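The values are calculated or read from the model by the stated rules, or taken from the named source; none is laboratory data. The structure presented is a predicted model; accordingly, all values stated were derived computationally and were not measured. Positions of Cβ are generated from backbone atoms using ideal geometry, with glycine treated the same way; all protein chains shown enter the neighbour counts.
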């Protein structure tokens, strides 16, 4: 049987690299990884994986029409999974232009290539943030209206609608997976969990937006990529799937658990860590709550998350403690300018 070819974009990023590793465990696939290698994309995330029959790396931008067309023409992928995205709300508030360039225009380029060269599956990796603030309402299923609050979420919602339009207009076999907040090894330390771990390691303040009572669902990255694999291989053509644990925690819940587990893993004092919390000016337009229902993927694709929140946090802490050199390498230079802009100068 001929080997199927899978184009993964953003495969050197946090979630994408875990997905690449998962798919390379399945001998049926040749994985072509297209990644621009921005600050959040790192070849070290795929250390130990060599190019050959089953894997190829291409450095490039999904918005580069000529490059993407050549790649489709050369590799003729059976399927595409798009992880490539500018993904942090805070950065989209500071400058939204790169988000629409990559998250919306880049997706159009990928969709057009998929239409032109006849891919059999096109999976757009999206986010629960497209539903907007779920404060004082029931959790969202896949039919809920889109009401994005931030430039980041708006760029992802636009990509979702564009993808569905290619399904309706051209018959492109599109699928969408909307995930809740991921965490785990290799996550760039701008998101809540790796930021708190890194700052704890360095004995720095733990910045908390507003009152810290924003509620989120969290999923361990290994569970998320397993869900995305199932959507790719078994999802219904044209379907949308929420990927979540359906368990909500406030940011303060997360930080308290982190401090408790960090104290045990790194021989630190939990009370001292908690005293390092510093409440800072809230993010503009900050959603209070995200909440989704994942009934469809649980019942139709027989998927359930396997890693509990406490177990996942403990595994994540251990990884960062064992890989502190990686953390320091990725948080030099530009990261410090960003950190100061958001947490020190309070949004300018």
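Worth a mention:
- Scanning segment 162-192 for residues being in contact (Cβ under 8 Å) with a residue 60 or more places away in the chain, buried (at least 20 other Cβ atoms within 10 Å of the Cβ) and more than 15 Å from the chain's Cα centre (by Cα) gives a total of 3.
- A count restricted to segment 1-35 and to residues that are surrounded by 14 or more Cβ atoms within 10 Å (Cβ to Cβ), free of Cβ contacts under 8 Å to residues at least 60 places away in the same chain and in a loop (DSSP other than H, G, I, E, B) stands at 1.
- Some residue of segment 133-142 being within 17 Å of the chain's Cα centre (by Cα) and touching a residue at least 60 places away in the same chain (Cβ under 8 Å): no
- Any hit, segment 75-96, residues being closer than 24 Å to residue 192 by Cα and without any contact (Cβ under 8 Å) to a residue 12 or more places away in the chain: yes
- Any helices (runs of 4 or more DSSP H) falling wholly within segment 210-316 and containing at least 1 residues that are at pLDDT 95 or above and within 22 Å of residue 194 (Cα to Cα): 221-234, 251-266, 270-275
- Residue 159 being surrounded by 23 or more Cβ atoms within 10 Å (Cβ to Cβ) and more than 30 Å from residue 328 (Cα to Cα): yes
- Residue match in segment 190-202 (condition: outside any loop (DSSP other than H, G, I, E, B), closer than 16 Å to residue 83 by Cβ and touching a strand residue (DSSP E or B) at 6+ places or on another chain (Cβ under 9 Å)): no
- Spans of helices (runs of 4 or more DSSP H) in segment 60-131 with at least 1 residues touching a strand residue (DSSP E or B) at 6+ places or on another chain (Cβ under 7 Å): 65-75, 107-117
- Residue that is out of contact with any helix residue (DSSP H, G or I) (no Cβ under 6 Å at 6 or more places or on another chain) and in the same structural domain as residue 113 (by TED's automatic domain parsing), where the choices are 168, 203, 178: 168
- Among (1) more than 28 Å from residue 327 (Cβ to Cβ); (2) surrounded by fewer than 17 Cβ atoms within 10 Å (Cβ to Cβ) - the single one residue 205 does not satisfy: (1)
- In segment 24-39, the residues that are touching a helix residue (DSSP H, G or I) at 6+ places or on another chain (Cβ under 7 Å) and either modelled with pLDDT of 95 or more or under 18 Å from residue 323 (Cα atoms) (or both): 31, 32, 33, 34, 39
- In segment 321-333, residue surrounded by the fewest Cβ atoms within 10 Å (Cβ to Cβ) [restricted to those that are modelled with pLDDT under 95, touching a helix residue (DSSP H, G or I) at 6+ places or on another chain (Cβ under 8 Å) and under 19 Å from residue 259 (Cα atoms)]: 324
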